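The structure appears right after this line, and notes come after that.
The values are calculated or read from the model by the stated rules, or taken from the named source; none is laboratory data. These numbers were taken from a predicted model, which means no experiment stands behind them. No Cβ is skipped: glycine too gets one built from the backbone with ideal geometry, and neighbour counts run over all protein chains shown.
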Amino acid sequence: MTPPKKTKGSDSERKLLEHANRGLQLLTEYKPKLMGKVNAFMAEAMHPGALDKKEKERIAFGMAMTQQCHYCIGMHIRACKHAGVTVEEIMEVCGIAIMMGGGPVLTHMAEVERALNEFYLDENGDPI
């Protein structure tokens, strides 16, 4: 079997995540107590327990897909990389998300490709 074609997206995923972070920083400036509580809640939800960090990131990524949030897709693919999730695992999660969300989720594979290009592949399209 020939390996899948490696491509590079047209927009930087890092720029999209910087944009999302600027929005979060804005709310932090105006409502620091609120954002402190939101951040504490999210950290607790992602803290390893019965499910480890890797499993929680796979779930969060799948939910980001079904919610069709391009910011969340990028954030959780980056977190998946840090948690040791493989591209093959990400593709399986994509399949389940598409099963649950249908065609609209399928179109967000473009966001997945962009994030994989940014966090999983080097400039030549080789795994990093």
*asked:* Going residue by residue through segment 103-116, is there one that turns out to be within 28 Å of A43 (Cβ to Cβ) and either of a type in the set (S, T, N, Q) or not in a helix (DSSP H, G or I) (or both)?
replied: yes
E29: passes all of (1) more than 19 Å from N117 (Cβ to Cβ); (2) of a type outside the set (K, R); (3) modelled with pLDDT under 95 but (3)
Residue hits (segment 38-92; among the hydroxyl-bearing types (S, T, Y) and more than 22 Å from G103 (Cα to Cα)) are T86
Within segment 97-124, restricting to residues that are closer than 16 Å to G74 by Cα and among the β-branched types (V, I, T), the one that is surrounded by the fewest Cβ atoms within 10 Å (Cβ to Cβ) is T107
By residue number, the members of segment 83-102 that are in contact with a Lys or Arg (Cβ under 7 Å, 6 or more places away or on another chain) and either in a helix (DSSP H, G or I) or among the basic types (K, R) (or both) are A83, E89, V93
Filtering segment 29-82 down to residues that are over 18 Å from the mean Cα position of the chain (by Cα), in a helix (DSSP H, G or I) and surrounded by 11 or more Cβ atoms within 10 Å (Cβ to Cβ) yields L34, M35, G36, K37, V38
